[in-house]
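Notes for the one structure printed next.
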Amino acid sequence: MASAALGAKVKNNDYRSIDIGILSAYITAEATAQGLSTCILGWFDDKKIRDICSLDSTVRLVITLGYAAEGDKLRAKKRKELDELINTVE
Ligand SMILES: Cc1cc2nc3c(=O)[nH]c(=O)nc-3n(C[C@H](O)[C@H](O)[C@H](O)COP(=O)(O)O)c2cc1C
């Protein structure tokens, strides 16, 4: 962890947030594959979450998992086009 913090400072790039994002993508994708619904939460009462989960360090993100209610229709997803997100260098 210290190396990630140092690297982030030296390169001014928050690698740990990138790691959290990658992990969240895998967890939510696997949950969906197993029929679970998920909601990622970044806006929450950190102290309450730490108390509920008996954690003593800052909580950066919460991923809620559960089964959608019967007939709960997933709303249409708005997604950017791939070429808006990636820059392919050949
Ligand atoms: C890093 C992150 C933090 C989020 N935080 C919240 C949140 O605090 N509350 C909430 O209702 N949704 C939260 N969301 C869910 C977003 O609202 C949701 O992903 C977005 O509306 C797009 O919806 P979709 O991914 O289902 O298309 C968060 C999503 C991400 C990726």
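The values are calculated or read from the model by the stated rules, or taken from the named source; none is laboratory data. All values derive from a computational prediction rather than experimental measurement. Every residue, glycine among them, receives a Cβ derived from its backbone with ideal geometry; neighbour counts consider all protein chains shown. Note: accessible area is taken over every heavy atom of the protein model, side chains too, but ligands, DNA and RNA are not part of it. Shrake-Rupley method; radii C 1.70, N 1.55, O 1.52, S 1.80 Å.
Going by what's in this entry, would residue 8 be described as open to solvent by less than 50 Å² (accessible area, probe 1.4 Å) and away from the ligand (no atom under 12 Å from the Cβ)? Let's see the steps before the verdict.
Working: open to solvent by less than 50 Å² (accessible area, probe 1.4 Å): yes; away from the ligand (no atom under 12 Å from the Cβ): yes.
So residue 8 passes the test.
Can you name every residue in segment 30-41 that is touching a residue at least 12 places away in the same chain (Cβ under 8 Å) and either in contact with a Phe, Trp or Tyr (Cβ under 6 Å, 6 or more places away or on another chain) or surrounded by 11 or more Cβ atoms within 10 Å (Cβ to Cβ) (or both)? Write out each step before concluding.
Our first condition is that a residue be touching a residue at least 12 places away in the same chain (Cβ under 8 Å); within segment 30-41, this holds for 31, 35-41.
Within segment 30-41, 31, 36, 37, 38, 40, 41 qualify.
Cβ-Cβ distances below 7 Å connect the following pairs, each with a first residue in segment 62-90 that is touching a residue at least 12 places away in the same chain (Cβ under 8 Å), a second residue that is surrounded by 10 or more Cβ atoms within 10 Å (Cβ to Cβ) and assigned to a loop (DSSP other than H, G, I, E, B), and a separation of six or more residues or different chains: 62/44; 65/36; 66/36; 67/36.
Taking the conditions (1) surrounded by fewer than 10 Cβ atoms within 10 Å (Cβ to Cβ); (2) at pLDDT 90 or above; (3) in a helix (DSSP H, G or I) in turn, residue 27 satisfies each one other than (1).
With respect to residue 70, determine if the residue is part of a loop (DSSP other than H, G, I, E, B) and out of contact with any helix residue (DSSP H, G or I) (no Cβ under 7 Å at 6 or more places or on another chain). Criteria met by residue 70. Applying the criterion of being loosely packed, with under 12 Cβ neighbours inside 10 Å and of a type in the set (Lys, Arg) to the residues of segment 42-72, the residue that is farthest from the ligand (Cβ to nearest atom) is 47.
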